[in-house]
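A quick write-up on the structure given underneath.
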Amino acid sequence: MSIELANITKSFGQVQALRGVSAVFHEERIYGLLGRNGAGKSTLLNILTGRIFPDSGTVTVDNERGTENDSAQSKIFLMSETTLHPDFMRVSKAFHWAGIFYPGFDEGYAKGLAQEFGLSLKAKISGLSTGYRSIFKLILALSVNVPYVLLDEPVLGLDANHRELFYKRLLEKYTAKPFTVVLSTHLIEEVANLIEDVIIIKEGEVLRQESRDELLSGGYTVSGGSAAVETYIQGKNVLGVDALGGLRTAYVLGVPERDSQSAKDLEFGPMDLQKLFIQLTNS
Amino acid sequence: MKIYPSFRLQLQDHIPAVIIYYIVLISMALLSLALIPFMTPNDNIHVTTNGVTVVTIIFAYVCSLCAFKDSFLLNIQHSVSRRTQFIARLGTLGTVCAVLALGDELYTLLLTGLGRLFPTVFSGESLYRMIYSYDGMSPKGSVFNIIFSFFSFLAVSSLGYLLTVLNYRLNKIGKVLFWAGTPIAVGLIASYISAHPSVAGIIIPFLTGLIWALFSSLPRMIISCTLLTVVFSGLTWLLMRRAGVK
Amino acid sequence: MQKLDLSGEKPIFLQIAESLEDAVLSGALTEGEQLPSITELSVQYTINPATALKGINLLVDQGIAYKKRGVGMFVAKGAKALLQKKRQGDFSKRYVAAMVLEAVRLGIARQELLDMVAQEYDCAGKGR
């Protein structure tokens, strides 16, 4: 059971937002959909959920056609930056409607979360701050109980306490009864430990799609004096080099050669996801 | 499977407006009732339902002009396909028009009743009777009344809805061209026709004949309005099926 | 449970395994006692449950913990002794190598280093 995107292309006027994107979201895994601002993450999620139409390509949900298909789409819930609820609607009403459209919606749980986050049920959606609008939407996403939950920049505007609370509740739900989560964000560091799989989007294309562990074990950092580092990285697949005075840190793909002659006086370290992401997506 | 929830959602949009509409109408009648002790023979207050169907037609039209965007977006948020939304909309259309048709008839009956008590102040006429010269206040008359209202509302509401979906699909330039351009075009055509009697001599009889053919009797009117509703709804679907979220 | 080192130097699952090992060694977790659940671990540290599971499985593989079907993970009998033996074996690689490397870097002579170690050991013995 999975969501499959095959060769999705989308242009907005002159701008090509997605060029032949193919990706798979398997059941019960936490994905990080990572990309810089404007890389095409939101467009991808909007196409996946039928909010906009691709120029070409297909969306398949659990082996069914994903486009304009109620039963397929009702397995998916997208929490996006744009608010589709009418301005004048109150939070409690929004919960009420969610319950009508999604049989699995847990209104009690949603109300409990609202209290924890300090969201007033009587508040009008238009009157909510950016942070509370995000909170409103992520409460819906956590309470809707569908197999595929997509979160587009879920913690936009949230303070540190609320972010922590959100991640904890998300993990509680996930460990109690696993479902697919797609976290689309540019806040790599925060989600690095939450996600199991990584999809990196760069300028409308999928740069990498693999498990986080595989991705990170595919590279390393090497630091030391500039001359030593420069010698070592000859002929290697280098993503980038940071310089600080006479010291260098290089980001290299592959397996570290600690025993080689050129590795003397050099320090080897693991690559972390954010550094790897930055190196991969710098043009 | 999401047709019923979508129907409820779209219907919900209309309920407050319809309720307020009838509250206003009834309030006006009651207000006049309350003023009767203070009226002198010279006062020329007359509350009639002559025009109520016309007013409701305008109301139905305006209601559907506002009906699309909010519910479309909310439906999409809840993973409802456009096809389901469209089908649910047809249900909403039928329901609202039926409610309005019934509401009008009840209002007419109310005023007819009041008219028996205060003939100078109240009278219950119906547009249907006026157009089709049907005599008598009978249950049969009420039924015909309701049918007439229902089908006129259907045609007008589906037109309003078509226009609002069209408006949603158009970009800024398109909107200006359409909303400003259409009245201008109509105005130009009308002034051309009135300036050229020979042309007028052909077109006006043609139009009059067309309207006669389409609406001269209740059965004809039903068929014509149904056809119009089908055409408007069909065009709406063509516009709706590729509508994206903005 | 101590904080995780998120710098990326040591894999999270390894940190979890070692943290639990430390607890067994210090007696905070006794033999037969239940380990924190995957849920508890992942929520506490906000990490993916698969990572927590990987850490726990490391302990199971070494015979330090075992799984009771339908109940959870428990500290195995003899786990403390096992760990002490393992860590004794690791001791040289873990602590001594790094210490010697740093001493060499600082230019401390071999005998001087040995004297330092002896002194430190005696002090610790007195303070026990």
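Taking a straight line from the alpha carbon of residue C:93, these lysines sit under 21 Å away, with near neighbours fewer than eight places off in the same chain left out: A:264, C:10, C:80, C:85. Computed from label points 7 Å out along Cα-Cβ, the spacing between residue C:102 and residue C:26 is 2.0 nm. Take residue B:191, project a point 7 Å from its Cα along the Cβ direction, then tell me which residues of segment B:136-176 have their backbone nitrogen under 11 Å from it. Flagged as within label range: none. Neighbour counts of C-beta atoms inside 10 Å place B:112, B:164, A:49, B:208 in the sequence B:208, B:112, B:164, A:49, starting with the fewest.
Near the amide H of residue A:239, within less than 5 Å, lie the amide hydrogens of A:251, A:252, A:253, all on another chain or at least 5 residues away, with H placed in the peptide plane. Based on DSSP H segments of at least four residues, each scored -39500 (n - 2.57), chain B has a per-residue ellipticity at 222 nm of -27500 deg cm²/dmol.
Using only the alpha-carbon atoms, how far is helix B:3-35 inclined from the longest principal axis of chain B? Give it as 0 to 90 degrees, nearest 10. Rounded to the nearest ten degrees, it is 30. Modelled spin-label separation between residue B:98 and residue A:187, with each label point placed 7 Å from Cα along the Cα-to-Cβ direction: 5.0 nm. Among the residues of C:21-31, the average count of other protein chain beta-carbon atoms within 10 Å of the residue beta-carbon is 0. Ellipticity at 222 nm from helices only: DSSP H runs of n ≥ 4 in chain A, each -39500 (n - 2.57), divided by the residue count, give -9000 deg cm²/dmol. Taking 24 Å as the limit for the C-alpha separation, the pairs A:41/A:177; A:177/C:67; A:10/B:2; A:173/C:54 exceed it in the case of A:41/A:177; A:10/B:2.
Per-residue Cβ neighbour counts within 10 Å put B:66, B:225, C:123, B:97 in the sequence C:123, B:66, B:225, B:97, beginning with the fewest. Straight-distance candidates among the aspartates and glutamates for linking to residue C:86, with alpha-carbon spacing under 14 Å and chain neighbours fewer than 8 residues away dropped: C:18, C:21, C:22, C:61. Residues of segment A:214-228 falling in the label zone of residue A:267, defined by backbone nitrogen less than 12 Å from a point 7 Å along Cα to beta-carbon, are A:222-225. Between residue B:173 and residue A:243, the C-beta separation translates, for a Förster distance of 45 Å, into a calculated FRET efficiency of about 0.30.
Note on residue B:210 and residue A:210: their simple-model spin labels are 6.9 nm apart, each label 7 Å out from Cα toward Cβ.
When you filter the GluC sites (Glu not before Pro) in segment A:226-272 for DSSP loop state and at most 16 other Cβ atoms inside 10 Å of their Cβ, you are left with A:257. Against the main long axis of the alpha-carbon atoms of chain B, helix B:172-195 sits at an angle near 50°. Here the protein assembly as shown is treated with +1 on each Lys and Arg Cβ and -1 on each Asp and Glu Cβ, and its dipole about the Cα centre works out to around 1240 debye.
This ranking places A:3, A:233 by how few other beta-carbon atoms lie within 10 Å of each, fewest first, which gives A:233, A:3. Residue B:246 label point, 7 Å along Cα→Cβ, cut-off 15 Å on backbone N: hits in segment B:57-89? Within reach of a label on residue B:246: B:66-74. A simple rule links phi to the HN-Hα coupling: the Karplus curve 6.51 cos²θ - 1.76 cosθ + 1.60 with θ = phi - 60°, which for segment A:221-236 gives 10, 10, 10, x, x, 4, 4, 4, 5, 4, 5, 4, 7, 4, x, 9 Hz, with x for Gly and Pro. Rounded to the nearest 10 degrees, the angle from helix B:82-117 to the longest Cα principal axis of chain B is 10 degrees.
Taken together, the values in this text are just the output of simple stated rules run on the coordinates, not laboratory data. Since the structure is predicted, the reported quantities are computational estimates derived from the model, not experimental observations. All Cβ positions, glycine included, derive from the backbone under ideal geometry; neighbour counts span all protein chains shown.
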